[in-house]
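The values are calculated or read from the model by the stated rules, or taken from the named source; none is laboratory data. Nothing here was measured: the structure is a model prediction, and the numbers come from that model. Cβ sites come from the backbone with ideal geometry, for glycine too, and all protein chains shown count toward neighbours. Note: areas computed on protein heavy atoms with side chains; ligands, DNA, RNA excluded. Shrake-Rupley method; radii C 1.70, N 1.55, O 1.52, S 1.80 Å.
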Amino acid sequence: MLTTPADYWFSRCVRERVNWVCENCGTQYHEGDQGLHCSHFIGRGTWATRFEPLNAYSHCFGCHMKFEGNPHDFVGWVQARMTDTMYALLMELSRNVMRGKEYKRSKGKGEIAKHYKTEFERMQALRAITGLTGRIEFVGWI
């Protein structure tokens, strides 16, 4: 699947959000390491949630492959980290046809990429200024 500029910046936000740590096994990575992935709960092919922060996690290659090969385990893992309301919202967003069309129409260029690049830079600046090493949430596009 083609990686767009928006995919690039969104993925960096997901990994920066947890300071480049695998959210499953806790392995620490350095910024830019190829071994840490942006793992989508609902696949990237679903445009309505492709760039949704609730739908993406930072996983090392091994954990990403584990969950991809065992979707039932991934469901349980995600549900353990969300409230029922958050999970229901994510499911609702994934079925929102108009949201999906809006994202797909943009094809990950322009506004979406710019938004996530700005969010990434904001998170990095916050870490640099405050020395924060924990989780920093970022704002989704739309």
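What the table below lists for this structure:
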{"read-out": "Extreme residue, positive dipole direction of the chain, given options V21, F74, L2 (C-beta unit charges)", "value": "L2"}
{"read-out": "Heavy-atom surface of the stretch 19-142, accessible at 1.4 Å and reported per residue (Å²)", "value": "56"}
{"read-out": "Whole-Hz ³J(HN,Hα) from phi, Karplus 6.51 cos²θ - 1.76 cosθ + 1.60, for the stretch 116-121, glycine and proline x", "value": "6, 5, 4, 5, 4, 5"}
{"read-out": "Dipole magnitude of the stretch 1-78 about its Cα centre (Cβ charges: Lys, Arg +1; Asp, Glu -1), debye to nearest 20", "value": "100"}
{"read-out": "Ordering of 36-48, 60-72 by burial proxy (mean other Cβ atoms within 10 Å per residue, highest first)", "value": "36-48, 60-72"}
{"read-out": "Charge sum, other residues only, whose C-beta stays under 14 Å from V78's C-beta, Lys/Arg counted +1 and Asp/Glu -1", "value": "-3"}
{"read-out": "Largest-first principal axis extents, alpha carbons of the stretch 66-142, Å", "value": "40, 33, 26"}
{"read-out": "Along each principal axis, Cα extent of the stretch 1-59, largest first, Å", "value": "30, 20, 17"}
{"read-out": "For the chain, size of Cβ-based charge dipole, Lys and Arg +1, Asp and Glu -1, in debye", "value": "480"}
{"read-out": "Two-decimal Rg to Rh for the chain - Kirkwood Rh, Cα set", "value": "0.95"}
